[in-house]
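The values are calculated or read from the model by the stated rules, or taken from the named source; none is laboratory data. For clarity, every value in this text was computed on a predicted model and none was experimentally measured. We place every Cβ from the backbone using ideal geometry, glycine too, and count neighbours over all the protein chains shown. Side chains are part of the model used for accessible areas, which takes the heavy atoms of the whole protein and leaves out ligands, DNA and RNA. Shrake-Rupley method; radii C 1.70, N 1.55, O 1.52, S 1.80 Å.
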2 protein chains.
Amino acid sequence: MHGAGRARIVIVGCGFGGLFAARALERAAADVLVIDRNNYHLFQPLLYQVASAALAPADIAQPIRTILRPQKNARVMLAEVQRVDLASRSLDTAVGRVPYDYLILAPGAVDEYFGHEEWRRFAPGMKEVEEATFIRSRLLRSFEIAELEADQNERAAHLTFIIVGAGPTGVELAGAIKELAVDVIPRDFRVADTRRARVVLIEAGTRVLPAFHADSSARALGQLRTLGVEVRLGEPVTQVLADGVEVRGERLRSYNVIWTAGVRAAPLTATLGVPLGPGGRVRVLPDCSIAGHREAFVIGDAAYLVDAASGRPVPGVSQGALQMGRYVARLIEAELNGAPSARVAAFHYHDKGSMATVGKSRAVVEIGRARFGGLLAWLAWMALHITVLIGFRNRLAVLFSWLYSYVFFRRGSRLITRVAPPEPAAPAPTERAS
Amino acid sequence: MHGAGRARIVIVGCGFGGLFAARALERAAADVLVIDRNNYHLFQPLLYQVASAALAPADIAQPIRTILRPQKNARVMLAEVQRVDLASRSLDTAVGRVPYDYLILAPGAVDEYFGHEEWRRFAPGMKEVEEATFIRSRLLRSFEIAELEADQNERAAHLTFIIVGAGPTGVELAGAIKELAVDVIPRDFRVADTRRARVVLIEAGTRVLPAFHADSSARALGQLRTLGVEVRLGEPVTQVLADGVEVRGERLRSYNVIWTAGVRAAPLTATLGVPLGPGGRVRVLPDCSIAGHREAFVIGDAAYLVDAASGRPVPGVSQGALQMGRYVARLIEAELNGAPSARVAAFHYHDKGSMATVGKSRAVVEIGRARFGGLLAWLAWMALHITVLIGFRNRLAVLFSWLYSYVFFRRGSRLITRVAPPEPAAPAPTERAS
C-alpha cells in the first residue's frame with residue numbers, strides 16, 4: 001500500500017462503469033483517483049439526439065468534477081492513459097506514471113470497422129461528442145445544399161441518409177433523422193422537399209435490434225417502416241466512400257453515412273499483455289479481475305465475462321457496466337475491511353430490461369417476459385432516461401428540450417459548426433510494436 | 001427588376017442589422033434573400049458567456065430559417081459571399097452568382113490585430129461560436145493542467161488569464177472568468193487553488209469602457225477591482241506569444257490570452273472598390289447607401305456614418321445595426337411603393353443607452369443622462385437581454401441557465417471539446433490581388 005497506508009484505487013474511464021464504481025467507493029477508506037480523457041461523463045445512450053439536433057452536448061454531459069465534488073476521497077485527473085503495466089501496478093499517462101493498489105479499468109468501447117479503419121472518415125460513429133456534432137453539422141448542411149442544388153442526382157444524394165447497423169443506436173438515429181426531415185424542418189425550406197429525404201438503415205443480420213426478442217425486432221421494424229425509414233436486412237456493406245456505400249454490388253449515393261455496425265473494446269486493453277476475447281475484450285474471472293492479478297479489474301464494454309447463471313456473456317450496455325462497477329467497488333471495500341471472502345460471490349448480471357425508441361412516441365420495451373410498444377413504451381423510455389440522467393440541471397434541461405420539441409415540433413440545437421472530420425484511430429501501442 | 005417584376009432584395013449577413021432588415025421587409029412586395037455563412041443568427045453580446053462556460057452555444061443561437069419561417073417573401077441561403085460587383089448588381093458566392101435589385105450589406109466586423117494577424121492563433125477573439133468554444137475548452141483545460149502541474153511557474157501561467165482590450169466584451173469576459181475561478185469551481189479541485197487565478201485586463205487607453213461616460217468607466221473599474229480583476233490601463237500590448245504577452249517590455253506569462261482590443265469591418269467591404277473609412281468601414285451617404293449606388297446599402301459594423309444630429313459616428317453596437325436595418329428596409333419598401341421622397345429623411349441613431357455587466361449582480365447602465373450601477377443595473381441588464389433574445393425557446397432556456405447559475409453557483413456548459421485553434425484570417429480577395 002502506498003502513502004500513509006491508505007489504499008490507492010485508480011479508475012480508468014468515467015462512463016457508467018467507472019462512475020458507478022467511484023460513487024460506490026464513497027465510504028471506502030481509500031484514495032480514489034478517476035482518470036478520463038474527457039472532463040465530463042457522457043450520457044452516451046442519448047448521443048444520437050445530439051447528432052439529430054434535438055439536444056445540445058451540454059444537455060447530456062456533466063463535468064466529472066462536479067459529480068464527484070462531494071466525495072471527499074475522490075480525485076479527478078484529465079489524462080489519456082497510454083499503457084497499463086500490470087507487473088509494476090502502474091499506468092503510463094501523457095502527464096506521468098500513476099501507481100495503484102487496485103485498478104478498475106473501464107475504458108469503454110470504440111467503433112469497429114472490421115479492418116476498414118479508413119471508412120471512419122466518411123462514416124463516423126456515435127461514441128464521442130465531437131462525432132455527434134460533426135454528424136449534426138454535416139446533416140444540416142446537406143439540407144442547406146439540397147435547397148440550392150440544381151442537379152437532381154446531387155440533391156438526392158444530399159437528401160439520402162444511410163445508417164449502417166441496426167442495433168439500438170442505429171434504430172434510434174434512423175428514426176430521429178427521418179422525423180427531423182418529415183416533421184421538424186420542412187417548412188423552413190422553400191425549394192427542397194425535405195419530407196422526401198431517404199433514410200436507409202442497412203443491417204447485415206436478418207433483423208433489427210438483434211439483441212432483443214424477435215417480437216420486439218418485428219415491432220420495431222414495423223414502427224420504422226411506418227415512419228418511412230427504408231430498412232434493408234441481410235445486406236452487409238462492402239464499401240464506404242466519400243459519396244456513398246456499396247451493398248451487394250449496388251451503389252447507394254449519400255453524403256451522410258453513419259456507422260453503428262459494431263464496437264470493440266478500447267485499444268487500451270491491448271497494452272495489458274493478456275489474452276483477449278471477442279472484440280478485443282479482456283476475458284475476466286467471475287469476480288471481474290484479470291487472471292493472476294487479484295488487484296486489477298476490467299468492467300463494462302471492455303470486459304468479456306460469461307455469466308454463470310445465464311450462460312451468456314454480460315451484454316455491452318450501460319446496465320452491465322454500472323452493475324459491474326458497483327460489484328467491484330463493494331468487493332474492494334470488503335477486502336479493505338478485511339473480508340477477503342467477498343471474492344466468493346461471482347458477479348451476476350441482473351437484466352432489468354431493454355428499450356429502444358423509434359422517433360417520437362414510439363418505442364419497444366422488454367422487461368422480463370413483458371414486451372410492449374407504442375406510446376406507453378415511449379413514456380417508459382422517457383421516464384427511465386430522465387431518471388437515470390445524472391445531475392439535477394441536466395434532468396430539467398433535457399425534459400425541457402424534449403417537451404419543447406414535442407409541443408412545438410422544433411429542435412433545440414440546430415447549429416452547423418465547423419468541426420473537423422474524425423481521423424482514423426491510431427493502432428494501440430502494442431499492436432504497433434508487433 | 002428581375003423575374004416576374006418583383007424586386008429582388010439581397011441581404012448579406014444575418015446579425016442584428018441583416019435580421020432586422022429582413023423582418024422589417026415582411027410586407028414588402030419583393031423577394032428577400034438572406035445570405036449568411038452560418039445557418040444561425042448569433043446573439044453576439046452573450047458570446048462571452050459561452051466562452052466562460054455559463055451558456056451553451058445553442059442557448060444564444062437560433063437557426064435563421066426558423067426565425068424567418070413565417071415570412072413568406074424571405075428565402076435563406078447558406079453561403080460565403082466572396083465579392084460584390086456593384087456595376088453588374090450581383091454577388092459572387094461559393095455556390096454561384098446572385099443578382100440583386102437592392103442590396104443590404106451587413107457582414108459585420110472581425111477582430112482587428114493591428115497588422116499582427118499571427119497573434120490570432122494565441123489570442124483568439126470573441127466573434128464566432130467556434131472561437132468561444134475554443135476559448136472555453138482551453139480555459140477549462142488550464143484548470144485541469146494546474147491541478148496536475150508540479151512546477152509553480154507553469155501552474156501560475158495556466159492560472160493567469162489575460163484579456164486584451166477593456167471594451168464591454170473585455171470587461172464582461174474578465175468578470176465572468178474571475179467569477180468562474182472564485183465562485184464556481186474551487187471546490188471541484190483538490191490541489192490547485194483556483195481562487196488564486198489571476199485575471200488581467202489590459203487596456204491601451206486610459207479607462208475601461210472608453211465609449212461610456214467617465215463616471216461609468218470609474219464605476220466599472222471599481223467593480224472589476226472589487227471582484228479581484230487586475231486592470232492595467234494605458235498599457236499597449238506589444239507582443240503576443242504562445243505563452244503570454246509583452247506589455248511595456250514586461251513579460252506576462254499566460255496560456256490563456258483573449259483578444260477584445262478592436263474590430264474592423266468584414267473583409268468583404270474591400271471587394272466593393274469604393275473608398276473605405278476608419279477600420280475598413282464603408283463611408284455611406286446619410287441614407288446608408290453607397291455613393292453612386294442608390295440600390296446598395298451598408299449597415300451595422302461595416303458602415304461608417306457620421307450622424308448629422310450628434311456629429312458623431314453611429315457606434316458599432318447592436319442597436320446601431322438594427323436601427324439601420326429597419327431604416328433601410330422602410331426606405332426600400334417606400335420606394336417600391338412609389339415614394340422616392342423617402343430618401344429625404346437621413347438615418348438618425350437613437351441612443352437607447354448602454355450597459356455592461358461585471359460578474360454576477362454587478363453592472364453599469366447609462367440611459368440618457370441617467371447612470372447607475374450595482375444590482376439594479378444588473379437586473380436591468382438581465383431584463384433587456386432576455387427581452388431582446390430572439391426566439392421563445394432561447395428566452396426560457398437562457399433564463400433557466402442563469403437562474404440555475406445564480407441559485408446553485410454552477411455553470412451549465414463546462415465541456416472541454418476538441419476544437420482546432422483559429423487560423424489567421426485570409427486577406428480579402430482584392431487585398432490579395434494588389
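If you go through the range A:97-144 and keep only what is among the acidic types (Asp, Glu) and within 14 Å of another protein chain (Cβ to nearest Cβ), you end up with A:Glu128, A:Glu130, A:Glu131, A:Glu144.
Against the definition (crowded, with 22+ Cβ neighbours inside 10 Å, away from chain B (no Cβ under 14 Å) and touching a Ser or Thr at 6+ places or on another chain (Cβ under 9 Å)), how does A:Gly13 come out, yes or no?
Working: crowded, with 22+ Cβ neighbours inside 10 Å: yes; away from chain B (no Cβ under 14 Å): yes; touching a Ser or Thr at 6+ places or on another chain (Cβ under 9 Å): no.
Spelling it out, it is not the case that A:Gly13 is crowded, with 22+ Cβ neighbours inside 10 Å, away from chain B (no Cβ under 14 Å) and touching a Ser or Thr at 6+ places or on another chain (Cβ under 9 Å).
Only a single criterion out of (1) closer than 29 Å to A:Arg138 by Cα; (2) at the interface with another protein chain (Cβ under 9 Å from one of its Cβ atoms); (3) β-branched (Val, Ile, Thr) is not satisfied by A:Val50, namely (2). For the range A:43-62, which positions are assigned to a strand (DSSP E or B) and open to solvent by less than 10 Å² (accessible area, probe 1.4 Å)? Of everything in the range A:43-62, just one residue is assigned to a strand (DSSP E or B) and open to solvent by less than 10 Å² (accessible area, probe 1.4 Å), namely A:Ala61. Would you mind stating whether A:Ala74 is within 11 Å of chain B (Cβ to nearest Cβ), on the phi > 0 side of the Ramachandran plot and touching a residue at least 24 places away in the same chain (Cβ under 8 Å)? No, not satisfied. Taken over the range A:141-153, residues that are closer than 30 Å to A:Gly205 by Cα and either open to solvent by 10 Å² or more (accessible area, probe 1.4 Å) or within 16 Å of the chain's Cα centre (by Cα) (or both) amount to 1.
May I ask you to verify whether A:Ile367 is modelled with pLDDT under 90, touching a Leu at 6+ places or on another chain (Cβ under 9 Å) and more than 14 Å from chain B (Cβ to nearest Cβ)?
It is false that A:Ile367 is modelled with pLDDT under 90, touching a Leu at 6+ places or on another chain (Cβ under 9 Å) and more than 14 Å from chain B (Cβ to nearest Cβ).
In the set A:Leu173, A:Leu180, A:Leu201, A:Leu209, which member is within 22 Å of the chain's Cα centre (by Cα), closer than 19 Å to A:Tyr255 by Cα and not in a helix (DSSP H, G or I)? Please lay out each step first, then the result.
Values: A:Leu173 fails: not in a helix (DSSP H, G or I); A:Leu180 fails: not in a helix (DSSP H, G or I); A:Leu209 fails: closer than 19 Å to A:Tyr255 by Cα.
Going through A:Leu173, A:Leu180, A:Leu201, A:Leu209 in turn, just one is within 22 Å of the chain's Cα centre (by Cα), closer than 19 Å to A:Tyr255 by Cα and not in a helix (DSSP H, G or I): A:Leu201.
Here B:Arg225 meets each of (1) touching a residue at least 40 places away in the same chain (Cβ under 8 Å); (2) part of a helix (DSSP H, G or I); (3) more than 14 Å from chain A (Cβ to nearest Cβ) with one exception, condition (1).
Within the range A:228-279, the set of residues being in a strand (DSSP E or B), within 28 Å of A:Pro315 (Cα to Cα) and open to solvent by 60 Å² or more (accessible area, probe 1.4 Å) comprises A:Glu230, A:Thr238, A:Val263, A:Arg264, A:Leu276.
This table checks each residue for (1) surrounded by fewer than 23 Cβ atoms within 10 Å (Cβ to Cβ); (2) not hydrophobic (A, V, I, L, M, F, W, C).
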residue	(1), (2)
B:His158	no, yes
B:Val164	no, no
B:Thr169	no, yes
B:Glu179	no, yes
B:Glu203	no, yes
B:Pro210	yes, yes
B:Ser216	no, yes
B:Gly222	yes, yes
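Quick one: is A:Arg330 touching a residue at least 40 places away in the same chain (Cβ under 8 Å) and out of contact with any helix residue (DSSP H, G or I) (no Cβ under 6 Å at 6 or more places or on another chain)? Yes; evaluated as a whole, the condition is true for this residue. Which residues, taken from the range A:16-42, are more than 19 Å from A:Val98 (Cβ to Cβ), open to solvent by 10 Å² or more (accessible area, probe 1.4 Å) and more than 10 Å from every other protein chain (Cβ to nearest Cβ)? Within the range A:16-42, A:Phe16, A:Phe20, A:Arg23, A:Ala24, A:Glu26, A:Arg27, A:Ala29 meet the criteria.
Every residue, every condition in (1) at pLDDT below 95; (2) within 23 Å of A:Arg138 (Cα to Cα); (3) touching a helix residue (DSSP H, G or I) at 6+ places or on another chain (Cβ under 6 Å), yes or no:
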| residue | (1), (2), (3) |
| --- | --- |
| A:Leu201 | no, yes, yes |
| A:Leu209 | no, no, yes |
| A:Val229 | no, yes, yes |
| A:Val237 | no, yes, no |
| A:Thr269 | no, no, yes |
| A:Gly273 | no, no, no |
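Could you check the range B:83-96 and list, in sequence order, the residues that are within 14 Å of chain A (Cβ to nearest Cβ) and more than 25 Å from the chain's Cα centre (by Cα)? Correct list: B:Val95, B:Gly96. Scan the range A:16-27 and report the pairs whose first residue is more than 9 Å from A:Leu322 (Cβ to Cβ) and whose second residue is open to solvent by 10 Å² or more (accessible area, probe 1.4 Å) and among the basic types (Lys, Arg), with Cβ atoms within less than 6 Å and a gap of 6+ or a chain change. From the range A:16-27, the pairs are A:Ala24/A:Arg326.
Yes or no: A:Glu80 within 14 Å of chain B (Cβ to nearest Cβ), surrounded by fewer than 18 Cβ atoms within 10 Å (Cβ to Cβ) and touching a residue at least 12 places away in the same chain (Cβ under 8 Å)? Walk me through it before giving the result.
On the way: within 14 Å of chain B (Cβ to nearest Cβ): yes; surrounded by fewer than 18 Cβ atoms within 10 Å (Cβ to Cβ): yes; touching a residue at least 12 places away in the same chain (Cβ under 8 Å): yes.
When the stated conditions are applied, A:Glu80 passes them.
For the range A:145-164, filtered to residues that are among the small types (Gly, Ala, Ser) and within 14 Å of chain B (Cβ to nearest Cβ), the residue that is nearest to A:Leu180 (Cα to Cα) is A:Ala146.
Going by what's in this entry, would B:Ala87 be described as more than 15 Å from B:Val32 (Cα to Cα), out of contact with any Leu (no Cβ under 8 Å at 6 or more places or on another chain), open to solvent by 20 Å² or more (accessible area, probe 1.4 Å) and at pLDDT below 95? Spelling it out, it is not the case that B:Ala87 is more than 15 Å from B:Val32 (Cα to Cα), out of contact with any Leu (no Cβ under 8 Å at 6 or more places or on another chain), open to solvent by 20 Å² or more (accessible area, probe 1.4 Å) and at pLDDT below 95.
For (1) over 23 Å from B:Arg37 (Cα atoms); (2) open to solvent by 60 Å² or more (accessible area, probe 1.4 Å), each residue gets a yes or a no:
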{"residue": "A:Val95", "(1), (2)": "yes, yes"}
{"residue": "A:Tyr113", "(1), (2)": "yes, no"}
{"residue": "A:Pro124", "(1), (2)": "yes, no"}
{"residue": "A:Lys127", "(1), (2)": "yes, no"}
{"residue": "A:Ile135", "(1), (2)": "no, no"}
{"residue": "A:Leu139", "(1), (2)": "no, no"}
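Listed here are the residues, each with its yes/no results for (1) open to solvent by less than 30 Å² (accessible area, probe 1.4 Å); (2) over 24 Å from B:Thr169 (Cα atoms); (3) touching a residue at least 12 places away in the same chain (Cβ under 8 Å).
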| site | (1), (2), (3) |
| --- | --- |
| B:Leu305 | yes, no, yes |
| B:Gly311 | no, yes, no |
| B:Val317 | no, no, yes |
| B:Gly320 | yes, no, yes |
| B:Val344 | no, yes, no |
| B:Phe347 | yes, yes, yes |
| B:His350 | no, no, yes |
| B:Thr357 | yes, no, yes |
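Just a yes or no: is a residue in the range A:283-292 farther than 18 Å from A:Leu103 by Cβ, surrounded by 23 or more Cβ atoms within 10 Å (Cβ to Cβ) and either hydrophobic (A, V, I, L, M, F, W, C) or without any contact (Cβ under 8 Å) to a residue 24 or more places away in the chain (or both)? Checking the range A:283-292: not a single residue is farther than 18 Å from A:Leu103 by Cβ, surrounded by 23 or more Cβ atoms within 10 Å (Cβ to Cβ) and either hydrophobic (A, V, I, L, M, F, W, C) or without any contact (Cβ under 8 Å) to a residue 24 or more places away in the chain (or both).
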